[in-house]
Amino acid sequence: MSAYDCDVAVVGGGPVGMWLGAELHRGGVRPVVLERRAVRAPHSKAMTIYPRTIEQFAMRGIADRWLAEGTPVPSSHFALLKSRLDFSFLDTRYPYTLFLPQRRTEELLEEHLAELGVPYLREHAVTGLRQDEAGVHLDVTTPAGPAAFHAAYAVGCDGAGSVVRVAAGIGFEGTPDTWRTILGDVELTDPPPGPALTLNEPGGSLYLVAIGGGRHRVATIDHATMFDLADGPVTFGELRASTLRLAGTDFGMRETPDAWLSRVGNAARQAARYRAGRVLLAGDAAHVHFPAGGQGLNLGIQDATNLGWKLAAEVGGWAPPGLLDSYHGERYPVGLDVIDDSLAQCGLIANPSREGVALRERFGALLAGHASLRRELAVRLSGLGVRYPSAGPGAGGGPAVGWRMPDLDLRGTPAATTFGLLHAARFVLLNLGPAEAAPPSFAEGPGDGRLDVVTAELAADHPAWAGVRSVLIRPDGHIGWTSGAGNPPPARWLG
(Lines give C-alpha, C1' and ligand atoms only; values in the text may rest on other atoms or scores of the structure.)
Protein backbone atom coordinates (compact mmCIF):
# COMPACT_ATOMS: atom_id res chain seq x y z
CA MET A 1 0.00 0.00 0.00
CA SER A 2 1.38 3.40 -0.97
CA ALA A 3 1.39 6.36 1.42
CA TYR A 4 1.03 10.07 0.82
CA ASP A 5 1.55 13.00 3.19
CA CYS A 6 0.10 16.50 2.81
CA ASP A 7 -1.02 19.39 4.98
CA VAL A 8 -4.68 19.28 3.95
CA ALA A 9 -6.58 16.57 2.07
CA VAL A 10 -9.47 18.13 0.17
CA VAL A 11 -11.95 15.35 -0.59
CA GLY A 12 -14.02 16.15 -3.66
CA GLY A 13 -12.78 17.84 -6.81
CA GLY A 14 -15.83 19.85 -7.82
CA PRO A 15 -15.85 23.66 -7.86
CA VAL A 16 -15.78 23.99 -4.07
CA GLY A 17 -12.95 21.52 -3.56
CA MET A 18 -10.85 23.03 -6.33
CA TRP A 19 -11.36 26.59 -5.10
CA LEU A 20 -10.46 25.53 -1.57
CA GLY A 21 -7.31 23.84 -2.85
CA ALA A 22 -6.29 27.09 -4.56
CA GLU A 23 -7.03 29.17 -1.45
CA LEU A 24 -5.01 26.83 0.77
CA HIS A 25 -2.09 26.99 -1.63
CA ARG A 26 -2.19 30.79 -1.49
CA GLY A 27 -2.06 30.49 2.29
CA GLY A 28 1.25 28.67 2.11
CA VAL A 29 0.16 25.09 2.86
CA ARG A 30 0.41 21.87 0.83
CA PRO A 31 -3.06 20.68 -0.19
CA VAL A 32 -4.02 17.75 -2.35
CA VAL A 33 -7.43 17.48 -4.04
CA LEU A 34 -8.86 13.95 -4.28
CA GLU A 35 -11.56 13.34 -6.91
CA ARG A 36 -13.27 9.95 -7.22
CA ARG A 37 -14.42 10.41 -10.83
CA ALA A 38 -12.19 9.40 -13.72
CA VAL A 39 -13.64 12.08 -16.02
CA ARG A 40 -15.72 15.18 -15.56
CA ALA A 41 -19.49 14.81 -15.94
CA PRO A 42 -20.57 15.94 -19.44
CA HIS A 43 -23.53 17.92 -18.13
CA SER A 44 -23.82 20.74 -15.61
CA LYS A 45 -26.03 20.91 -12.54
CA ALA A 46 -25.29 24.56 -11.77
CA MET A 47 -25.46 27.44 -14.21
CA THR A 48 -25.64 30.59 -12.09
CA ILE A 49 -22.77 32.71 -10.80
CA TYR A 50 -23.75 35.64 -8.60
CA PRO A 51 -21.90 38.95 -8.08
CA ARG A 52 -20.16 38.01 -4.84
CA THR A 53 -18.68 34.89 -6.40
CA ILE A 54 -17.36 36.91 -9.35
CA GLU A 55 -15.89 39.35 -6.81
CA GLN A 56 -14.04 36.51 -5.10
CA PHE A 57 -12.55 35.44 -8.40
CA ALA A 58 -11.63 39.11 -8.99
CA MET A 59 -9.89 39.28 -5.61
CA ARG A 60 -7.50 36.63 -6.91
CA GLY A 61 -7.09 38.29 -10.32
CA ILE A 62 -8.86 35.66 -12.44
CA ALA A 63 -12.44 36.94 -12.87
CA ASP A 64 -11.80 37.81 -16.52
CA ARG A 65 -11.74 34.10 -17.36
CA TRP A 66 -15.39 33.78 -16.37
CA LEU A 67 -16.43 37.14 -17.77
CA ALA A 68 -15.00 36.24 -21.19
CA GLU A 69 -17.31 33.25 -21.54
CA GLY A 70 -20.36 33.78 -19.34
CA THR A 71 -23.63 35.41 -20.36
CA PRO A 72 -24.50 38.38 -18.13
CA VAL A 73 -28.18 38.90 -17.29
CA PRO A 74 -28.92 42.10 -15.33
CA SER A 75 -31.59 40.54 -13.12
CA SER A 76 -32.73 37.43 -11.32
CA HIS A 77 -35.98 36.19 -9.82
CA PHE A 78 -37.57 35.26 -6.52
CA ALA A 79 -39.78 32.17 -6.61
CA LEU A 80 -40.09 32.54 -10.39
CA LEU A 81 -42.48 35.45 -9.92
CA LYS A 82 -43.03 37.88 -12.79
CA SER A 83 -41.45 40.93 -11.11
CA ARG A 84 -37.77 40.29 -11.66
CA LEU A 85 -35.05 41.51 -9.31
CA ASP A 86 -33.00 44.21 -11.00
CA PHE A 87 -29.28 43.96 -10.14
CA SER A 88 -28.21 47.18 -11.84
CA PHE A 89 -28.20 49.21 -8.60
CA LEU A 90 -25.84 46.86 -6.75
CA ASP A 91 -22.61 48.36 -5.41
CA THR A 92 -20.27 46.15 -7.40
CA ARG A 93 -18.43 46.07 -10.70
CA TYR A 94 -20.50 43.00 -11.57
CA PRO A 95 -24.20 43.98 -11.19
CA TYR A 96 -25.64 40.96 -12.95
CA THR A 97 -26.18 37.23 -12.90
CA LEU A 98 -23.56 35.40 -14.97
CA PHE A 99 -24.72 32.22 -16.68
CA LEU A 100 -21.97 29.68 -17.37
CA PRO A 101 -22.34 25.88 -17.22
CA GLN A 102 -20.73 24.32 -14.15
CA ARG A 103 -18.66 22.06 -16.38
CA ARG A 104 -16.87 25.10 -17.79
CA THR A 105 -16.36 26.56 -14.32
CA GLU A 106 -14.75 23.26 -13.30
CA GLU A 107 -12.48 23.32 -16.34
CA LEU A 108 -11.36 26.87 -15.55
CA LEU A 109 -10.70 25.98 -11.91
CA GLU A 110 -8.74 22.86 -12.83
CA GLU A 111 -6.59 24.93 -15.17
CA HIS A 112 -6.02 27.37 -12.33
CA LEU A 113 -4.96 24.57 -9.97
CA ALA A 114 -2.48 23.36 -12.57
CA GLU A 115 -1.01 26.87 -12.80
CA LEU A 116 -0.55 26.92 -9.03
CA GLY A 117 0.90 23.40 -8.93
CA VAL A 118 -1.77 21.95 -6.64
CA PRO A 119 -2.07 18.15 -7.05
CA TYR A 120 -5.47 17.15 -8.46
CA LEU A 121 -5.78 13.37 -8.33
CA ARG A 122 -8.56 11.70 -10.30
CA GLU A 123 -9.86 8.19 -9.55
CA HIS A 124 -8.95 8.68 -5.90
CA ALA A 125 -12.02 7.68 -3.87
CA VAL A 126 -11.92 8.15 -0.11
CA THR A 127 -13.61 5.19 1.56
CA GLY A 128 -12.99 6.08 5.20
CA LEU A 129 -10.95 8.19 7.59
CA ARG A 130 -9.78 8.32 11.20
CA GLN A 131 -8.37 11.23 13.12
CA ASP A 132 -6.12 11.53 16.14
CA GLU A 133 -3.87 14.15 17.70
CA ALA A 134 -1.33 13.70 14.90
CA GLY A 135 -3.73 14.29 12.02
CA VAL A 136 -6.20 12.55 9.73
CA HIS A 137 -5.62 9.14 8.16
CA LEU A 138 -7.59 8.52 4.96
CA ASP A 139 -8.20 5.23 3.18
CA VAL A 140 -8.16 5.87 -0.55
CA THR A 141 -8.86 3.64 -3.53
CA THR A 142 -6.64 4.60 -6.47
CA PRO A 143 -5.95 3.18 -9.95
CA ALA A 144 -2.78 1.65 -8.51
CA GLY A 145 -4.63 0.03 -5.61
CA PRO A 146 -5.35 1.00 -1.99
CA ALA A 147 -3.40 3.93 -0.59
CA ALA A 148 -3.05 5.58 2.80
CA PHE A 149 -3.10 9.38 2.92
CA HIS A 150 -2.08 11.30 5.99
CA ALA A 151 -2.89 14.98 6.45
CA ALA A 152 -2.93 17.47 9.27
CA TYR A 153 -6.55 18.26 8.33
CA ALA A 154 -9.17 16.95 5.92
CA VAL A 155 -12.05 18.87 4.34
CA GLY A 156 -15.10 17.15 2.90
CA CYS A 157 -16.23 18.84 -0.31
CA ASP A 158 -17.72 15.56 -1.51
CA GLY A 159 -21.38 16.44 -1.90
CA ALA A 160 -24.64 15.64 -0.19
CA GLY A 161 -23.70 11.98 0.36
CA SER A 162 -20.37 13.00 1.89
CA VAL A 163 -18.22 10.07 2.99
CA VAL A 164 -16.17 12.51 5.05
CA ARG A 165 -19.19 13.83 6.95
CA VAL A 166 -20.42 10.34 7.76
CA ALA A 167 -16.96 9.12 8.83
CA ALA A 168 -16.56 12.16 11.09
CA GLY A 169 -19.88 11.41 12.79
CA ILE A 170 -21.46 14.74 11.87
CA GLY A 171 -25.25 14.71 11.62
CA PHE A 172 -27.05 15.98 8.51
CA GLU A 173 -30.16 17.60 9.94
CA GLY A 174 -33.27 18.58 8.03
CA THR A 175 -36.00 17.11 5.84
CA PRO A 176 -36.02 14.67 2.88
CA ASP A 177 -37.65 15.06 -0.52
CA THR A 178 -41.42 15.43 -0.41
CA TRP A 179 -41.70 16.45 -4.08
CA ARG A 180 -39.48 16.54 -7.14
CA THR A 181 -39.19 18.55 -10.30
CA ILE A 182 -37.60 17.82 -13.66
CA LEU A 183 -35.19 19.74 -15.84
CA GLY A 184 -33.31 19.25 -19.03
CA ASP A 185 -30.73 20.78 -21.33
CA VAL A 186 -32.46 20.49 -24.69
CA GLU A 187 -32.55 22.00 -28.16
CA LEU A 188 -35.32 24.53 -28.84
CA THR A 189 -36.15 25.54 -32.40
CA ASP A 190 -38.62 28.27 -31.36
CA PRO A 191 -37.21 29.73 -28.12
CA PRO A 192 -38.64 32.84 -26.45
CA PRO A 193 -36.83 36.17 -27.00
CA GLY A 194 -34.14 37.10 -24.53
CA PRO A 195 -31.67 34.92 -22.63
CA ALA A 196 -34.07 33.89 -19.82
CA LEU A 197 -37.78 33.36 -19.16
CA THR A 198 -39.69 32.75 -15.92
CA LEU A 199 -43.36 31.72 -15.70
CA ASN A 200 -45.47 31.30 -12.58
CA GLU A 201 -48.92 29.93 -13.35
CA PRO A 202 -51.72 28.35 -11.28
CA GLY A 203 -50.52 24.91 -12.42
CA GLY A 204 -46.87 25.47 -11.52
CA SER A 205 -43.78 27.30 -12.69
CA LEU A 206 -41.20 27.15 -15.47
CA TYR A 207 -37.70 28.54 -15.81
CA LEU A 208 -35.80 28.67 -19.09
CA VAL A 209 -32.32 30.03 -19.86
CA ALA A 210 -30.16 29.90 -22.98
CA ILE A 211 -26.93 27.94 -22.55
CA GLY A 212 -25.52 28.34 -26.06
CA GLY A 213 -25.52 26.39 -29.29
CA GLY A 214 -29.29 26.55 -29.65
CA ARG A 215 -29.69 24.71 -26.36
CA HIS A 216 -31.63 25.81 -23.30
CA ARG A 217 -31.95 24.74 -19.69
CA VAL A 218 -35.66 24.09 -19.11
CA ALA A 219 -36.78 23.51 -15.52
CA THR A 220 -40.40 22.81 -14.62
CA ILE A 221 -42.25 22.69 -11.31
CA ASP A 222 -45.39 20.94 -12.48
CA HIS A 223 -48.09 20.57 -9.81
CA ALA A 224 -49.63 17.74 -11.83
CA THR A 225 -46.61 15.46 -11.45
CA MET A 226 -44.37 16.85 -8.69
CA PHE A 227 -45.57 14.54 -5.92
CA ASP A 228 -44.61 11.41 -7.86
CA LEU A 229 -41.38 10.44 -6.07
CA ALA A 230 -40.42 7.73 -8.55
CA ASP A 231 -36.65 7.41 -8.96
CA GLY A 232 -36.69 6.27 -12.57
CA PRO A 233 -34.95 8.28 -15.29
CA VAL A 234 -36.70 11.33 -16.70
CA THR A 235 -38.04 10.92 -20.22
CA PHE A 236 -38.08 13.54 -22.93
CA GLY A 237 -41.85 13.12 -23.11
CA GLU A 238 -42.22 14.06 -19.43
CA LEU A 239 -40.30 17.30 -19.87
CA ARG A 240 -42.16 18.20 -23.04
CA ALA A 241 -45.56 17.46 -21.49
CA SER A 242 -44.83 19.59 -18.40
CA THR A 243 -43.57 22.45 -20.57
CA LEU A 244 -46.74 22.34 -22.67
CA ARG A 245 -48.96 22.34 -19.57
CA LEU A 246 -47.18 25.33 -18.01
CA ALA A 247 -46.26 27.47 -21.03
CA GLY A 248 -48.85 26.44 -23.63
CA THR A 249 -45.97 25.65 -26.00
CA ASP A 250 -42.93 23.42 -26.07
CA PHE A 251 -40.83 26.13 -27.78
CA GLY A 252 -40.02 23.70 -30.60
CA MET A 253 -38.34 21.24 -28.22
CA ARG A 254 -36.39 18.56 -30.11
CA GLU A 255 -35.25 15.22 -28.75
CA THR A 256 -31.56 14.77 -29.52
CA PRO A 257 -29.03 12.11 -28.40
CA ASP A 258 -27.11 14.61 -26.29
CA ALA A 259 -30.11 15.95 -24.35
CA TRP A 260 -29.62 15.81 -20.58
CA LEU A 261 -32.58 15.17 -18.26
CA SER A 262 -32.62 15.05 -14.47
CA ARG A 263 -34.78 15.19 -11.33
CA VAL A 264 -34.35 17.66 -8.47
CA GLY A 265 -35.90 17.22 -5.03
CA ASN A 266 -36.71 19.62 -2.22
CA ALA A 267 -34.60 18.01 0.50
CA ALA A 268 -33.20 20.65 2.86
CA ARG A 269 -30.40 19.58 5.18
CA GLN A 270 -27.46 21.14 6.99
CA ALA A 271 -24.51 19.63 8.84
CA ALA A 272 -24.94 19.98 12.59
CA ARG A 273 -21.41 21.40 12.72
CA TYR A 274 -18.94 22.37 10.06
CA ARG A 275 -15.99 21.14 12.09
CA ALA A 276 -15.27 17.98 14.08
CA GLY A 277 -11.70 18.13 15.32
CA ARG A 278 -9.41 17.99 12.31
CA VAL A 279 -12.24 17.37 9.83
CA LEU A 280 -14.24 20.18 8.23
CA LEU A 281 -17.02 20.43 5.66
CA ALA A 282 -17.81 22.82 2.82
CA GLY A 283 -20.30 23.07 -0.04
CA ASP A 284 -22.98 20.43 -0.48
CA ALA A 285 -21.32 18.25 2.15
CA ALA A 286 -22.38 20.94 4.63
CA HIS A 287 -25.74 22.02 3.20
CA VAL A 288 -28.26 21.05 0.52
CA HIS A 289 -31.50 22.71 -0.57
CA PHE A 290 -33.78 23.01 -3.56
CA PRO A 291 -31.85 25.11 -6.13
CA ALA A 292 -34.26 28.06 -6.00
CA GLY A 293 -32.30 30.87 -7.60
CA GLY A 294 -29.24 28.68 -8.19
CA GLN A 295 -27.50 29.62 -4.95
CA GLY A 296 -25.74 26.33 -4.13
CA LEU A 297 -22.46 26.67 -6.06
CA ASN A 298 -22.08 30.27 -4.91
CA LEU A 299 -22.65 29.35 -1.27
CA GLY A 300 -19.99 26.62 -1.50
CA ILE A 301 -17.40 28.85 -3.17
CA GLN A 302 -17.92 31.40 -0.40
CA ASP A 303 -17.49 28.65 2.23
CA ALA A 304 -14.13 27.82 0.69
CA THR A 305 -12.98 31.45 0.62
CA ASN A 306 -13.83 31.84 4.31
CA LEU A 307 -12.19 28.57 5.32
CA GLY A 308 -9.04 28.65 3.19
CA TRP A 309 -7.08 31.36 5.01
CA LYS A 310 -8.24 30.25 8.46
CA LEU A 311 -7.17 26.64 7.91
CA ALA A 312 -3.89 27.80 6.38
CA ALA A 313 -3.25 29.91 9.50
CA GLU A 314 -3.97 26.90 11.72
CA VAL A 315 -1.63 24.65 9.74
CA GLY A 316 0.99 27.41 9.72
CA GLY A 317 0.88 27.63 13.50
CA TRP A 318 -0.01 31.30 13.84
CA ALA A 319 -3.81 31.23 14.06
CA PRO A 320 -5.16 33.04 17.12
CA PRO A 321 -7.35 30.98 19.48
CA GLY A 322 -10.79 30.38 18.06
CA LEU A 323 -9.98 31.38 14.49
CA LEU A 324 -10.69 27.99 12.91
CA ASP A 325 -13.86 27.58 14.96
CA SER A 326 -15.04 30.91 13.56
CA TYR A 327 -15.52 29.12 10.22
CA HIS A 328 -18.59 27.37 11.62
CA GLY A 329 -19.59 30.48 13.54
CA GLU A 330 -19.57 32.63 10.41
CA ARG A 331 -20.70 30.26 7.68
CA TYR A 332 -23.34 28.11 9.44
CA PRO A 333 -25.76 31.07 9.79
CA VAL A 334 -25.21 32.00 6.14
CA GLY A 335 -25.95 28.44 5.02
CA LEU A 336 -29.07 28.33 7.20
CA ASP A 337 -30.24 31.64 5.75
CA VAL A 338 -29.91 30.32 2.18
CA ILE A 339 -31.78 27.13 3.14
CA ASP A 340 -34.60 29.19 4.67
CA ASP A 341 -34.65 31.41 1.58
CA SER A 342 -34.97 28.35 -0.64
CA LEU A 343 -37.75 26.93 1.55
CA ALA A 344 -39.63 30.23 1.38
CA GLN A 345 -39.43 30.20 -2.40
CA CYS A 346 -40.60 26.59 -2.44
CA GLY A 347 -43.59 27.62 -0.33
CA LEU A 348 -44.54 30.08 -3.06
CA ILE A 349 -43.92 27.95 -6.14
CA ALA A 350 -44.77 24.40 -5.06
CA ASN A 351 -48.10 24.64 -3.24
CA PRO A 352 -50.92 23.59 -5.57
CA SER A 353 -53.67 24.26 -3.03
CA ARG A 354 -56.07 27.18 -3.29
CA GLU A 355 -54.22 28.75 -0.39
CA GLY A 356 -50.92 28.33 -2.16
CA VAL A 357 -52.18 29.98 -5.32
CA ALA A 358 -53.57 32.89 -3.28
CA LEU A 359 -50.26 33.26 -1.44
CA ARG A 360 -48.31 33.42 -4.72
CA GLU A 361 -50.67 36.01 -6.15
CA ARG A 362 -50.56 38.16 -3.03
CA PHE A 363 -46.77 38.00 -2.68
CA GLY A 364 -46.38 38.66 -6.40
CA ALA A 365 -48.47 41.82 -6.04
CA LEU A 366 -46.40 42.94 -3.05
CA LEU A 367 -43.20 42.34 -4.98
CA ALA A 368 -44.47 44.28 -7.98
CA GLY A 369 -45.56 47.22 -5.85
CA HIS A 370 -42.57 47.64 -3.56
CA ALA A 371 -39.20 48.47 -5.12
CA SER A 372 -37.57 48.35 -1.68
CA LEU A 373 -38.57 44.68 -1.31
CA ARG A 374 -37.16 43.85 -4.74
CA ARG A 375 -33.92 45.62 -3.82
CA GLU A 376 -33.62 43.78 -0.50
CA LEU A 377 -34.15 40.40 -2.16
CA ALA A 378 -31.65 41.29 -4.91
CA VAL A 379 -28.96 42.12 -2.33
CA ARG A 380 -29.58 38.87 -0.46
CA LEU A 381 -29.48 36.77 -3.62
CA SER A 382 -26.34 38.47 -4.94
CA GLY A 383 -24.30 37.42 -1.88
CA LEU A 384 -23.18 41.02 -1.34
CA GLY A 385 -25.20 41.43 1.84
CA VAL A 386 -23.37 38.83 3.92
CA ARG A 387 -22.00 40.27 7.13
CA TYR A 388 -20.13 38.43 9.85
CA PRO A 389 -21.32 40.17 13.04
CA SER A 390 -18.43 38.96 15.17
CA ALA A 391 -15.84 39.35 12.39
CA GLY A 392 -13.86 36.75 14.33
CA PRO A 393 -11.32 37.09 17.13
CA GLY A 394 -10.08 40.56 17.94
CA ALA A 395 -12.66 42.39 15.82
CA GLY A 396 -12.98 46.10 16.38
CA GLY A 397 -16.11 48.22 16.51
CA GLY A 398 -15.68 50.17 13.31
CA PRO A 399 -18.81 51.08 11.33
CA ALA A 400 -18.07 48.63 8.50
CA VAL A 401 -16.56 45.73 10.45
CA GLY A 402 -17.77 42.35 9.21
CA TRP A 403 -19.10 43.61 5.86
CA ARG A 404 -17.43 42.84 2.55
CA MET A 405 -14.81 45.32 1.38
CA PRO A 406 -16.04 47.01 -1.82
CA ASP A 407 -13.70 47.22 -4.80
CA LEU A 408 -12.74 50.89 -4.55
CA ASP A 409 -10.50 52.66 -7.07
CA LEU A 410 -7.22 53.83 -5.52
CA ARG A 411 -4.47 56.34 -6.27
CA GLY A 412 -0.90 55.88 -5.16
CA THR A 413 -0.60 52.10 -5.44
CA PRO A 414 0.15 49.89 -8.48
CA ALA A 415 -2.83 47.68 -7.60
CA ALA A 416 -5.26 50.49 -8.57
CA THR A 417 -8.21 48.87 -6.72
CA THR A 418 -8.81 47.30 -3.33
CA PHE A 419 -9.42 43.90 -4.94
CA GLY A 420 -6.07 44.25 -6.67
CA LEU A 421 -4.49 44.32 -3.22
CA LEU A 422 -5.92 40.89 -2.38
CA HIS A 423 -4.45 38.75 -5.17
CA ALA A 424 -2.03 37.05 -2.77
CA ALA A 425 -4.80 36.27 -0.24
CA ARG A 426 -3.00 38.02 2.62
CA PHE A 427 -4.24 40.51 5.18
CA VAL A 428 -4.07 44.06 3.88
CA LEU A 429 -3.84 47.13 6.08
CA LEU A 430 -4.94 49.95 3.80
CA ASN A 431 -4.08 53.42 5.08
CA LEU A 432 -6.24 55.96 3.31
CA GLY A 433 -3.96 58.95 3.77
CA PRO A 434 -0.34 59.84 4.47
CA ALA A 435 1.99 57.06 5.56
CA GLU A 436 2.68 58.71 8.90
CA ALA A 437 -0.99 58.19 9.81
CA ALA A 438 -0.59 54.40 9.93
CA PRO A 439 -1.35 52.79 13.31
CA PRO A 440 1.99 52.21 15.10
CA SER A 441 1.36 48.52 15.77
CA PHE A 442 0.76 47.94 12.06
CA ALA A 443 3.38 50.32 10.67
CA GLU A 444 5.38 47.26 9.69
CA GLY A 445 3.93 43.86 8.95
CA PRO A 446 4.80 40.77 11.01
CA GLY A 447 7.62 40.14 8.58
CA ASP A 448 6.41 36.70 7.52
CA GLY A 449 4.11 37.55 4.63
CA ARG A 450 0.85 37.58 6.58
CA LEU A 451 0.18 41.30 6.14
CA ASP A 452 0.67 43.84 3.40
CA VAL A 453 0.67 47.48 4.53
CA VAL A 454 -0.45 49.85 1.76
CA THR A 455 -0.85 53.62 1.77
CA ALA A 456 -3.12 55.06 -0.91
CA GLU A 457 -5.93 57.50 -1.52
CA LEU A 458 -9.44 56.90 -2.77
CA ALA A 459 -9.70 57.91 -6.42
CA ALA A 460 -13.29 59.14 -5.98
CA ASP A 461 -15.47 60.51 -3.22
CA HIS A 462 -17.15 57.88 -1.06
CA PRO A 463 -19.09 59.58 1.75
CA ALA A 464 -19.40 56.35 3.72
CA TRP A 465 -15.60 56.18 3.93
CA ALA A 466 -14.99 59.84 4.78
CA GLY A 467 -14.13 59.13 8.42
CA VAL A 468 -12.05 56.00 7.82
CA ARG A 469 -8.29 56.44 7.90
CA SER A 470 -7.23 52.79 8.01
CA VAL A 471 -8.97 49.51 7.27
CA LEU A 472 -7.81 45.95 7.86
CA ILE A 473 -9.04 43.69 5.07
CA ARG A 474 -9.15 39.96 5.74
CA PRO A 475 -7.90 37.56 3.05
CA ASP A 476 -11.52 36.67 2.24
CA GLY A 477 -12.34 40.30 1.45
CA HIS A 478 -14.28 41.07 4.62
CA ILE A 479 -13.37 43.95 6.91
CA GLY A 480 -11.69 42.98 10.18
CA TRP A 481 -11.18 46.48 11.60
CA THR A 482 -11.46 50.13 10.72
CA SER A 483 -10.07 53.20 12.41
CA GLY A 484 -13.33 55.13 12.13
CA ALA A 485 -14.53 54.39 15.66
CA GLY A 486 -11.21 55.24 17.28
CA ASN A 487 -10.71 51.66 18.46
CA PRO A 488 -7.16 50.23 18.68
CA PRO A 489 -5.95 47.93 15.90
CA PRO A 490 -6.69 44.23 16.63
CA ALA A 491 -3.18 42.77 16.71
CA ARG A 492 -4.64 39.36 17.67
CA TRP A 493 -5.94 38.95 14.12
CA LEU A 494 -2.41 38.12 13.02
CA GLY A 495 -1.68 35.74 15.86
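The values are calculated or read from the model by the stated rules, or taken from the named source; none is laboratory data. The shown structure was predicted, so the numbers you read here are calculated from the model rather than taken from an experiment. All Cβ positions, glycine included, derive from the backbone under ideal geometry; neighbour counts span all protein chains shown. Accessible surface is based on the protein model in full, side chains and every heavy atom, while ligands, DNA and RNA are left aside. Shrake-Rupley method; radii C 1.70, N 1.55, O 1.52, S 1.80 Å.
Evaluate the stretch 233-246: report whether one residue or more is open to solvent by 20 Å² or more (accessible area, probe 1.4 Å), in contact with a Pro (Cβ under 9 Å, 6 or more places away or on another chain) and either of a type outside the set (Gly, Ala, Ser) or modelled with pLDDT of 95 or more (or both). No.
Listed by first and then second residue, the pairs with beta-carbon distance under 7 Å, at least 6 apart or on different chains, first residue in the stretch 289-309 and touching a residue at least 40 places away in the same chain (Cβ under 8 Å) and open to solvent by less than 10 Å² (accessible area, probe 1.4 Å), second among the aromatic types (Phe, Trp, Tyr) and not in a helix (DSSP H, G or I), are Asn298/Tyr50.
On the given criteria, is Leu348 among the aliphatic types (A, V, I, L, M), in contact (Cβ under 8 Å) with a residue 12 or more places away in the chain, assigned to a helix (DSSP H, G or I) and more than 18 Å from Arg380 (Cα to Cα)? Against the criterion (among the aliphatic types (A, V, I, L, M), in contact (Cβ under 8 Å) with a residue 12 or more places away in the chain, assigned to a helix (DSSP H, G or I) and more than 18 Å from Arg380 (Cα to Cα)), Leu348 does not qualify. For the stretch 447-459, the set of residues classified as farther than 15 Å from Leu430 by Cβ and over 29 Å from the mean Cα position of the chain (by Cα) consists of Gly447, Asp448, listed by residue number. Within the stretch 256-268, one or more residues are more than 30 Å from the chain's Cα centre (by Cα) and not hydroxyl-bearing (Ser, Thr, Tyr). Checked against (1) surrounded by fewer than 19 Cβ atoms within 10 Å (Cβ to Cβ); (2) under 23 Å from Gln56 (Cα atoms), Gly317 meets all criteria but (2). Annotation: of all residues in the stretch 156-177 being open to solvent by 20 Å² or more (accessible area, probe 1.4 Å) and not in a loop (DSSP other than H, G, I, E, B), the one that is nearest to Gly135 (Cα to Cα) is Ala167. Picking from residues in the stretch 83-103 that are within 16 Å of the chain's Cα centre (by Cα) and not aliphatic (A, V, I, L, M), the one that is most open to solvent (accessible area, probe 1.4 Å) is Arg103. Per this entry, Leu34 is counted among residues that are surrounded by 24 or more Cβ atoms within 10 Å (Cβ to Cβ) and in contact with a His (Cβ under 7 Å, 6 or more places away or on another chain). Of all residue pairs spaced 6 or more apart or on separate chains, those with beta-carbon atoms under 7 Å, a first member in the stretch 247-268 that is in contact (Cβ under 8 Å) with a residue 40 or more places away in the chain and assigned to a strand (DSSP E or B) and a second member that is among the small types (Gly, Ala, Ser) and open to solvent by 30 Å² or more (accessible area, probe 1.4 Å) are Ala268/Gly174. Just one of the listed residues (Arg65, Arg52) is in contact (Cβ under 8 Å) with a residue 60 or more places away in the chain, assigned to a helix (DSSP H, G or I) and within 19 Å of the chain's Cα centre (by Cα), namely Arg52.
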